[in-house]
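First comes the structure, then the notes that go with it.
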Amino acid sequence: MSEWCKDMYERSRTVVKCAVGQTEEFKVEVGLHQGSALSPFLFAIVMHQLSEEVRQESPWTMMLADDIVICSESREQVEENLERWRFALERKRNESQS
């Protein structure tokens with residue numbers, strides 16, 4: 001399945017429509033396809049893997065569609081947990097690019 005997903009995203013191109021027309025076609029280099037039935041599934045897979053590494057640090061974490069809620073006892077703890085998520089995401093992004 002990973003090769004199939006990789007092939008689907010490898011040569012992605014899109015346009016942006018607005019009130020005055022649309023842009024020239026351009027390559028999509030990051031992110032998930034907007035409106036794709038597969039996008040929420042791919043997001044959930046990645047977030048589940050990351051949450052296994054990060055979640056133990058906060059009292060609870062809720063994920064729904066493409067949103068994440070992180071709760072802790074104080075604002076400082078929330079910010080620390082957010083930084084852990086950010087670090088984990090950056091690490092995974094760097095691993096996938098090498």
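Selection over region 4-26 of residues that are without any contact (Cβ under 8 Å) to a residue 24 or more places away in the chain, outside any loop (DSSP other than H, G, I, E, B) and either more than 22 Å from residue 90 (Cα to Cα) or touching a Phe, Trp or Tyr at 6+ places or on another chain (Cβ under 7 Å) (or both) gives a count of 9.
If only residues of region 5-36 that are β-branched (Val, Ile, Thr) and surrounded by fewer than 10 Cβ atoms within 10 Å (Cβ to Cβ) are counted, the one that is nearest to residue 67 (Cα to Cα) is 30. If you check 86, 55, 75, 13 for being at pLDDT 85 or above and in contact with a strand residue (DSSP E or B) (Cβ under 9 Å, 6 or more places away or on another chain), only one passes: 13. For region 4-27, filtering for residues that are of a type in the set (Lys, Arg) and closer than 19 Å to residue 97 by Cα leaves 3.
The values are calculated or read from the model by the stated rules, or taken from the named source; none is laboratory data. These numbers come from a predicted model, not from an experiment. In this analysis, Cβ positions are derived from the backbone assuming ideal geometry, glycine residues included, and neighbour counts consider all displayed protein chains.
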